[in-house]
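Chemist: Dropping a structure here in structure tokens format, bear with me for questions.
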Amino acid sequence: MKNNPNTLKKGRFAALRGKKGASLLLCFCIAALLLPAIAYAAGEGATEPSSYFYKTIWSLLPPIIAIGLALITKEVYSSLFVGIVIGGLLYSNFSFEGTLTHVFNDGIVAVLADSYNVGILIFLVILGIMVVMMNKAGGSAAFGRWASSHIKTRAGAQLATIALGVLIFIDDYFNCLTVGSVMRPVSDSSKVSRAKLAYVIDATAAPICIIAPVSSWAAAVASYVEDGNGLYLFIRTIPFNFYAILTIVMMIFLAITGMDYGPMATHEKNAKEKGDIFSGMNDYANAAAENSNPNGKVIDLLLPIAVLIVSCIIGMIYSGGFFEGVNFVDAFSNSDASIGLMLGSSVALILTIIYFLIRRSIKFKDIAESIPEGFKSMVPAILILTFAWSLKAMTDSLGAKEFVEAVVNSSASSFQVFLPAIVFIIGVFLAFATGTSWGTFGILIPITLAVFPLDNPLGVICVSACMAGAVCGDHCSPISDTTIMASAGAQCNHVTHVSTQLPYAITVAGVSFLSYILAGFVPNALIVLPLGIGLMIATLVIIRKMNIWNS
């Protein structure tokens, strides 16, 4: 059938109208910002003004604009930067000179000159370098060969993939790429579909990193908290991170029972009964074989990771005064994440280089090449952190924390108990639309911390809800870098990965939402977490009884 020209014209008009709609919405946001400028234009010019917008509702405009633009453009870098500029305009009463000096001197330059932030960035760069070195050394390929000879069942292959994903909790990028390359031959020999492998890789990346105190994610979250209490807060949020914990519970349940539902069930059935692990959609049929060091051994993967973990833990308790007589628990709780992770990762990098040179796993030339490659791999994370820190500096200078705290304190306490569930949903929606959990952290965590003090249990739950929602939205989003890398790591069709993973993620999200409602009324992890786990298992059992699955 030929296409109707009128229909084509209508389609083009609808698309154009959609673009115009987004443009009009963006213009509306800009016009809303210019209205205060017209009112206060007469007082411009001072480089350090007394802002007309201090401790007013306008102080919330920078993060709101950042969120709005992120949802419209689905691009977090420019959205955060626009939010920063808006903060500078409001602080300077729309003075051109004042905006420039505040955005760059008091914002971007100031956060990059902060010793704590620099330590976090150094840790990220060193982590990127170590990831590249370990991949070049051939340890991943060696572990894959070892696993293939020891794992024979489908459940064993999935549990081994989960175990390796849990082991590599340092960084989600490292997790996706390493677990994928290691476990592909293992899962293929056990007739596990590539869609299921991609799901397990994705579900053991961000959800594991977000509950690991020694990780790039912990460092990023801790950096948003003042007075060096970020790591202590992060540790307190772990038992309330329901989405991450329940995702792990679900993966283990599915692996042991052999249960699957939704589109995933079809892919698993094709893999088990027909041996078609791609279900007819192999985007990597002509992919070149990966180069690996034939001399690589399993120890080349495990030892650097173990050294990095131990070194970072020692570095953190060192910063907490452990070697000056402070007990281990207090030293770890009071540690400085920036100093500890920076020193620990630096020592681990040196020891890893020495080990690889002694083992002759890679040449010195490859080690030197790993430095710029590792740095480049962490540029997106560094950029997001820098802009997020700068946006926080803008909102702080406008007195947003004081304004929000006053509004919340004057609100009814009955409303506050629902804030964890509300924050979770907002985090899911924002991360899904933007495809980044780190950008969601940068926008929501400073606002959440402005509502509650660190010693408030409900505040800890809200921060955890923000982190869980960000990971959930990132998990569901087809434009998420972690989701894309999980597809690449498993060499699975990306649309297939997203469509098969979405029902699982939504299931866990629903149970997590109910758990956060319970946590608002009973802010005790010893009570709510077991209830959440029980609810998760009961939900899966009900789905199984309803025969919405086949395998």
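Chemist: For the residue pair A368 and S499, what label-to-label distance in nm results when each label sits 7 Å from Cα along the Cα-to-beta-carbon direction?
Modeler: Reported label-point gap for A368 and S499 is 4.9 nm.
Chemist: Classify region 47-127 from the C-alpha gyration tensor, please: rounded if a/c falls under 1.5, else prolate or oblate depending on whether a/b exceeds b/c.
Modeler: Here region 47-127 falls in the oblate category.
Chemist: Next question. Over region 434-543, what percent of the accessible surface lies on carbon and sulfur atoms, probe 1.4 Å?
Modeler: It is 81 percent, rounded to a whole number.
Chemist: Can you give the FRET efficiency to the nearest 0.05 for I527 and E324, using r as the Cβ-Cβ distance and R₀ = 56 Å?
Modeler: Result of the calculation: an efficiency of 0.90.
Chemist: Kindly state, to the nearest 0.05, the FRET efficiency for I252 paired with T56, given R0 = 41 Å and r defined as their beta-carbon distance.
Modeler: 0.25
Chemist: How much of the accessible area of region 95-145, probe 1.4 Å, is carbon plus sulfur, in whole percent?
Modeler: Numbers: 1250 of 1780 Å².
Using a 1.4 Å probe with all protein chains present, region 95-145 comes out at 71 percent carbon and sulfur.
Chemist: What chymotrypsin sites (Phe, Trp or Tyr not before Pro) in region 437-509 are in a loop by DSSP, with at most 11 other Cβ atoms within 10 Å of the Cβ?
Modeler: Sparse-neighbourhood loop chymotrypsin sites (Phe, Trp or Tyr not before Pro): none present.
Chemist: Just to confirm, what accessible area per residue do you get for region 351-400 at 1.4 Å probe, in whole Å²?
Modeler: With all protein chains present, region 351-400 gives 47 Å² per residue.
Chemist: Per-residue counts of other Cβ atoms within 10 Å, averaged by peptide: what ranking do you get for 205-218, 483-496, highest first?
Modeler: 205-218, 483-496
Chemist: Hey, another quick one. Enter the accessible area per residue of region 98-241 (Å², integer; probe 1.4 Å; all protein chains in place).
Modeler: 27 Å²
Chemist: Can you work out the FRET efficiency for the pair L100 and E273, with r the C-beta to C-beta distance and R0 = 56 Å, to the nearest 0.05?
Modeler: Efficiency at R0 = 56 Å is approximately 0.30.
Chemist: Could you compute Rg(Cα) / (2.2 N^0.38 Å) for region 166-206, with N its residue count?
Modeler: 1.09
Chemist: Given 0.36 nm per residue, what is the gain on full extension from A163 to K376 after removing their alpha carbon distance, in nm?
Modeler: Difference between extended and current length: 73.8 nm.
Chemist: If you average the C-alpha positions of region 167-217 and of region 322-376 separately, how far apart do those two centres end up, in angstrom?
Modeler: 22 Å
The values are calculated or read from the model by the stated rules, or taken from the named source; none is laboratory data. It should be emphasised that the depicted structure is a prediction, and the values quoted were computed from it without experimental measurement. Here Cβ is always computed from backbone atoms with ideal geometry, including for glycine, and neighbour counts include all displayed protein chains. Heads up: the accessible areas ignore ligands, DNA and RNA and are worked out on the full protein's heavy atoms, side chains in. Shrake-Rupley method; radii C 1.70, N 1.55, O 1.52, S 1.80 Å.
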